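Input: a single structure, listed below in structure tokens.
Please treat every number below as a calculation from the coordinates, not as lab data. All values reported here derive from a predicted model rather than from experimental measurement. Methodologically, a virtual Cβ is constructed for each residue, glycine included, from the backbone with ideal geometry; neighbour enumeration extends over all protein chains shown.
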Amino acid sequence: MSLSDTQDRPIDIGISESDRQQLAENIGKLLADTQRLYQKTHSYHWNVTGPMFVTLHTMFEQQYTELWTAQDIIAERIRALGFFAPGTSAEFGALTSIPEDSGVPSAEQMLRNLVDGHETTARTARTVLKIAEGASDAPSADLMTERLQVHEKTAWMLRSLLAR
């Protein structure tokens, strides 16, 4: 996945190269999930219709803005570990666990898809958290804890809109 960026000077931050590589590869999966979730949320913002249009349109904008910012933070963590971050649609497509939509779903299905996407991304972050803790990588662990809080809270809020 990621190519090492350590040709000029070896990295010595107290984490072995193999641990840094494993972290970078798994954080790359989180980046891909985040990118796919961003893409979906932004598309839903553009295309939502129905009686909850204003509420969902506004909420989706807040969510995709947060996801946009998160992509940069996640990619920069990969770079700090000494590896190149994935950045192409092909790379993201190969790494993400979140399926693409075909067509434009109903507003209710958009909510269901986003709940699934946030829960998937939370599971990815939880996997990275375990790896980070095993490698004594506090910055990556902190980032994963932050991402877990965002994705779990967002999934809860979206699920609440589906309650009958």
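The calculated 222 nm mean residue ellipticity attributable to helices in the chain amounts to -25500 deg cm²/dmol, summing -39500 (n - 2.57) over DSSP H runs of n ≥ 4 and dividing by all residues.
Over region 51-141, the alpha carbon radius of gyration divided by the compact-protein estimate 2.2 N^0.38 Å works out to 1.28.
Helix 138-162 versus the longest principal axis of the chain: what is the Cα-based angle in degrees, 0 to 90, to the nearest 10? Roughly 10 degrees between the two axes. Each Lys and Arg contributes +1 and each Asp and Glu -1, all at the Cβ; summed about the Cα centre of the chain, the dipole is approximately 520 debye.
Figure legend: label point modelled 7 angstrom from the Cα of residue 79 along Cα→Cβ; residues of region 130-144 with amide N under 18 Å from it are 139-140, 143. Taking 0.36 nm per residue of sequence separation and removing the Cα-Cα distance, the residue 104/residue 157 pair yields an extension gain of 16.9 nm. For region 1-107, taking Cα atoms only, Rg and Dmax work out to 17.0, 58 Å respectively.
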